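Derivation of every value follows stated rules applied to the coordinates shown; laboratory data play no part. None of the values given here were measured: they were computed from a predicted structure. Here Cβ is always computed from backbone atoms with ideal geometry, including for glycine, and neighbour counts include all displayed protein chains.
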Amino acid sequence: MKIVFLDRATLSPETTLRQPSFAHELVSHDNTAPHEVAQRIADADIVITNKVKLGAQALQQAVRLKLVAIAATGTDSIDLQACAARGITVSNIRNYAGNTVPEHTFALMFALRRSICAYRDSVKAGRWQESGQFCYFDYPVRDLAGATLGIIGDGALGSAVATIARALGMTVLMSAHKGRPGMGKLYTPFEEVLARSDIITLHCPLKPQTRHMIGAAEFAQMARRPLIINTARGGLVDEAALAVALRSGQIAGAGFDVVSAEPPAADHPFMALLDLPNFILTPHVAWASRDAIQGLADQLIANIEAFVGGNPVNVVRPAA
């Protein structure tokens with residue numbers, strides 16, 4: 001059975017990818033360009049991909065393909081309808097980032113709320129000596145305790161963030177994406193979260209109904225000038241509108257680990273914000289603690305073994 005890994009370099013070099021327990025040939029490519037996909041999967045029984053897109057045209061030529069094992073939770077890179085039509089099973093990774101993503105989320109919150117990067121850079125530039133006293137107050141410092149945190153997305157990661165926030169003494173407002181009805185009494189309407197939150201953090205999948213769910217109209221509703229934290233998917237936010245909101249003072253700051261196109265082009269709106277003291281951009285590493293990546297790799301092989309053994313797990317199906 002031939003297994004083809006299209007983008008092994010998306011897992012860290014220190015990650016151990018154990019050999020599956022059945023007879024197989026494993027072919028690993030560090031990266032795969034779009035024009036290389038069809039040829040590389042043409043004779044594969046199983047394809048592993050993290051971010052390489054698998055569209056209908058490439059899948060049509062993969063006559064032996066039985067399983068697409070996604071080395072991630074998100075499925076937006078896979079044409080699920082085309083897979084279903086060809087009888088190809090798709091599996092993904094679940095519940096592996098329960099610590100690493102919430103911790104990165106709070107790292108961004110703490111850094112922005114306490115102006116950590118701004119103070120670090122100013123000390124490096126000699127501002128402390130220039131001040132002539134034991135401290136100086138060039139940038140705002142705010143506690144998380146007592147602040148209101150709006151969490152958009154009620155899955156495992158959003159719930160984990162809520163648990164940490166409550167332990168820190170924050171008021172938590174949970175909501176789903178805008179336009180979703182019937183959330184129940186434990187949820188706060190999306191528009192109310194925008195108006196009441198001191199910090200808003202996103203933990204939603206990227207779907208047609210969530211793309212650009214925060215844009216110019218939503219920034220205008222943010223009465224408390226919140227921080228915006230996004231460790232989920234770049235397409236959830238209109239990035240050009242965020243740049244305008246940040247520079248105009250509609251929001252107090254932003255911490256992003258994700259961008260709609262990764263890596264971002266030199267002319268992406270975020271690249272012009274990097275010198276601002278209230279903006280932090282990290283390179284999609286919220287998920288990437290050593291423990292989390294190894295857990296992902298172990299689950300990836302377990303998914304493949306379960307499929308080959310006749311008991312597929314973590315199966316993803318196209319939306320009805």
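The table below gives the values:
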read-out	value
Stretch gain in nm, segment CYS135-GLN39, where the contour uses 0.36 nm per residue and the Cα spacing is subtracted	28.4 nm
Tilt relative to the chain, helix 290-308 - C-alpha long axis, 0 to 90 degrees, to 10	30
In sequence order, calculated HN-Hα J values of the stretch 19-24 (Karplus, 6.51, -1.76, 1.60; Hz; x Gly/Pro)	6, x, 7, 10, 5, 7
Distant-in-sequence amide H partners of ILE48 (H built 1.01 Å from N, under 5 Å)	VAL4, PHE5, LEU6, ALA69
Estimated FRET transfer efficiency (GLN221, ALA23; beta-carbon r; R0 41 Å; 0.05)	0.10
Burial ranking of peptide ranges 188-196, 129-137 (average Cβ count within 10 Å, highest at the top)	188-196, 129-137
log10 of Debye I(q)/I(0), alpha-carbon scatterers only, for the stretch 1-133 at 0.13, 0.17, 0.20 Å⁻¹	-0.65, -0.90, -1.14
32 Å Cα-Cα threshold exceeded, pairs from LYS66/LYS207; LYS124/LYS207; LYS53/LYS124	LYS124/LYS207; LYS53/LYS124
Within the chain, helix-based [θ] at 222 nm, where runs of 4 or more DSSP H residues each add -39,500 (n - 2.57), nearest 500	-8500 deg cm²/dmol
Interchain or long-range residues, amide H under 5 Å from VAL172's placed H	LEU149
For the stretch 107-249: rounded, prolate or oblate by the Cα gyration tensor [a/c cutoff 1.5]	prolate
Gyration tensor verdict on the stretch 172-297 (Cα atoms; rounded if a/c is under 1.5, prolate if a/b is larger than b/c, oblate otherwise)	oblate
Contact order relative to length of the stretch 29-127, as percent, for alpha carbon pairs under 8 angstrom and 6 or more apart	21
Percent of C-alpha pairs per 20 Å bin, the chain, short to long	30, 52, 17, 1
Whole-Hz ³J(HN,Hα) from phi, Karplus 6.51 cos²θ - 1.76 cosθ + 1.60, for the stretch 89-98, glycine and proline x	7, 10, 10, 9, 9, 10, 6, 9, 10, x
Whether the stretch 1-73 is rounded, prolate or oblate, judged on the alpha carbon gyration tensor where a/c under 1.5 counts as rounded	oblate
Rounded tilt (10° steps) of 156-167 against the dominant C-alpha axis of the chain	30
Amide proton proximity set for ARG233, modelled H, under 5 Å, gap of 5+	CYS204
Ascending count of other beta-carbon atoms within 10 Å, so fewest first, for MET213, MET1	MET1, MET213
